[in-house]
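Single-structure report; data block below.
The values are calculated or read from the model by the stated rules, or taken from the named source; none is laboratory data. Predicted, not measured: the structure shown is a model, and the values here were computed from it. Heads up, the Cβs are rebuilt from the backbone with ideal geometry, glycines too, and the neighbour counts pull from every protein chain shown. For the accessible areas, the whole protein counts, side chains as well, though only heavy atoms, and no ligand, DNA or RNA atoms are used. Shrake-Rupley method; radii C 1.70, N 1.55, O 1.52, S 1.80 Å.
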Amino acid sequence: MGQARRGLAIYFAVLIPCSAILETIIIRLNQAGRPIAHAQWLIFALMWTPAISSFVARAVLREGVADVSFRLGGPEAPRTMIAAVVFPLVVGSIAYGTAWATGLVAYQTPNGGFVLNLGRAVGLGCTVEVLFGAGEEIGWRGYMLTRLVDAGVPHPLLVSGIIWALWHFPLILSGQYAAGPHPGISAGIFLVDVVGIAYVIGILRLRSGSVWPAALLHGAWNGIIQIGFDPATTGPGATTWVGESGIFVAVISLAIGLAVARYWTTRDVSTGKST
């Protein structure tokens, strides 16, 4: 327990200032007329700060990387990898479908048609976006979550989700990322959304024993939601109801996250296992 807490202290001591520096640069570039979409190398560096912070903590404490588990095998591997892709597809289909059906947002056909664009989004999410998402997941789920568990922190999945969301807040509050007309409200909704995702992604990591299902879900989510569903949505209420800080996406993500957590908890109690 003491080792895990020391590791977390080192991890955050590296993560916080490094992230703050990169986020400040991104915000200032935007203020100078260079939006976040044109600073992908900085985004890549920012998304890899959790992994780098975990490597530093491991080096200081002379820990290896075996517990990250870059291997993918075992009975849970196929199901967790499939679930990693299915989850954002389900959330997107329900949330955006509801928003379109109720008329709260308008549907627009993306270039090439919806199905073709969604297929492209899945492909990019499961490849290119995984390279970005792996940097976060090696840190968040490959190190931080397991250390929260080892340190005896209550409700580690919830705590990991809150920390993960707060890490995004500077870019949201400055209007750079997942922000609607009221960034403060967007940040609050984003927190709910990310906590829901954290339950699912954390359980996939713990059940599989590998960081790859988490990295795949992270990449698939970014691809499917941002590239697949967002371009098919328009209207003044789009950022309020859908998107990563949209009400429908947050509610569906949290509902599924809590259901998944409850299912695994009930299953573990009945089988005598511990998550």
Next item on the list: Roll a 1.4 Å probe over the protein chains and send me the accessible area per residue for region 159-275 in Å².
Entry: 37
Notebook entry, point to check: When the helices in the chain are scored as -39500 (n - 2.57) per DSSP H run of 4 or longer and the sum is shared across all residues, what 222 nm value do you end up with, to the nearest 500 deg cm²/dmol?
Noted result: -22500 deg cm²/dmol
Check: Membrane-span-like helices in the chain: DSSP H runs reaching 15 Å or more (Cα, own axis), mean Kyte hydropathy at least -1.0?
Finding: 2-31, 49-60, 77-102, 114-125, 128-139, 156-173, 183-208, 247-271
Check: What is region 145-208's relative contact order, in percent, from Cα pairs under 8 angstrom and six or more apart in sequence?
Finding: 35
Checklist line | With every protein chain in place, region 71-187: carbon and sulfur % of accessible area (1.4 Å) | finding: 71
Note to self: In whole percent, and with a 1.4 Å probe on the protein chains, what portion of the accessible area of region 1-44 is carbon and sulfur?
What the structure shows: 68
Notebook entry, point to check: Which residues in region 157-179 place their backbone N less than 18 Å from a point set 7 Å from the Cα of Ala20 along the Cα-to-Cβ direction?
Noted result: 163-174
Next item on the list: Mind grabbing the accessible area of His38 for me, 1.4 Å probe, Å², rounded to tens?
Entry: 120
Next item on the list: Using only the alpha carbons, work out the radius of gyration and Dmax of region 1-133 in angstrom.
Entry: 19.8, 56
Check: With the other protein chains left in place, how much accessible area per residue, in square angstrom, belongs to region 42-130 at a 1.4 angstrom probe?
Finding: 51
Note to self: Leaving out ligands, DNA and RNA, and with a 1.4 Å probe, what % of the accessible surface on region 190-258 is carbon or sulfur?
What the structure shows: 75
Check: Once fully extended, how much extra length lies between Ile185 and Glu63, figured as 0.36 nm per residue of separation less the alpha-carbon to alpha-carbon distance?
Finding: 39.9 nm
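With all protein chains present and a 1.4 Å probe, how do Arg79, Arg141, Arg34 order by accessible area, largest first?
Working: Arg79 130, Arg141 0, Arg34 90 Å².
Largest accessible area first, the list is Arg79, Arg34, Arg141.
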